[in-house]
């Protein structure tokens, strides 16, 4: 049988085999091959007489993420907010860069629009070419548009804790009830309500992973600094026009990206995030990159 791992917990893998969930263990060969099955993996399964199963093989992956551990994601839905807890644009850009490098589409979803409208930030991502939505889990605004965008796709929902990932999932699919945490007024952030990654199949044929908060979603140490420029899609039209082939687009003379920034064709917040990520990537020794 073949199926998709929809949950992994304490060494057990729960595999959706055409609507039937089979509780599996992975064969010992995976440990020797240093291959860990991930939520979202397509796998081949052998059934045991007691109804349990074993994972025999992991089929080729489209992409994979390690924090959180998910695979074969078509779209990352990045939930952010201008209300408490306010999302730092750098956190959005860090996750977008990670998605771009893994050939995964990003949807930027501004929740709590009924409370606060970060219109400038909304326009920044819309003009950069990302599907960008104004949503309220409270009023239902934008929920149908989000449902239409993710229909039939394998998606992961992420965002800073308390921003409303689980609330939006509950709006999309009332039958899939997820625990919702409270936001601390003093700290300006929410409590983690999602402890592990799990896939949920929605009525619009989307398969959705609700993941822990942004603190778990990191660009990581696998990005050489010279490749980061390709993770910012609005830089692409200008990369071949720089004076120097090895231009870092930080402060170099004759940089076409910096010229576009001065002309307002690239948002300052996006370039600031690029510089910050570039400096982080440069600080990682080459041997440490995965």
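Among 92, 4, 78, 84, what is the fewest-to-most ranking by other Cβ atoms within 10 Å?
By the 10 Å Cβ count, ascending, the order reads 84, 4, 92, 78.
For a quick check: sort 124, 158, 132 by the number of other beta carbons within 10 angstrom, fewest at the front.
So the residues, fewest neighbours to most, are 132, 124, 158.
Per 0.36 nm of contour for each residue apart, how much would the distance between residue 34 and residue 52 grow if the chain were fully extended, relative to their Cα-Cα spacing? Let's see the in-between values first.
Working: separation 18, 0.36 × 18 = 6.48 nm, distance 2.34 nm.
Full-extension gain reported as 4.1 nm.
How far is it, in nm, from the label point at residue 9 to the one at residue 25 when both lie 7 Å from their Cα along the line to the Cβ?
The two pseudo-label positions are separated by 1.9 nm.
Would region 1-130 count as rounded, prolate or oblate if I go by the C-alpha gyration tensor, calling it rounded below 1.5 in a/c and otherwise prolate when a/b exceeds b/c, oblate otherwise?
Verdict is prolate for region 1-130.
Just for the chain, what percent of DSSP beta bridges are antiparallel, to the closest 5?
55 percent
Which whole-angstrom value gives the distance between the alpha carbon centres of region 68-111 and region 1-46?
26 Å
For Cα extents along the principal axes in Å, which listed value, (1) 53, 43, 35; (2) 79, 43, 28; (3) 69, 47, 35, comes from the coordinates shown?
(3)
How far apart, in nm, are two points set 7 Å out from the Cα along the Cα-to-Cβ line at residue 123 and at residue 175?
4.3 nm
Between residue 1 and residue 147, 0.36 nm times their residue separation minus their Cα-Cα distance comes to what?
Taking 0.36 nm per residue and subtracting the Cα distance, the gain is 49.5 nm.
Sorting 66, 6 on the 10 Å Cβ count, fewest up front, what's the list?
Ordered by Cβ neighbours within 10 Å, fewest first: 66, 6.
Compute the distance in nm between two label points, each set 7 Å from the Cα along the Cα-to-Cβ direction, one at residue 245 and one at residue 286.
Placing both labels 7 Å beyond Cα along the Cβ direction yields 1.7 nm.
A short reminder: the numbers here are calculations on the coordinates, not readings from a lab. Since the structure is predicted, the reported quantities are computational estimates derived from the model, not experimental observations. We place every Cβ from the backbone using ideal geometry, glycine too, and count neighbours over all the protein chains shown.
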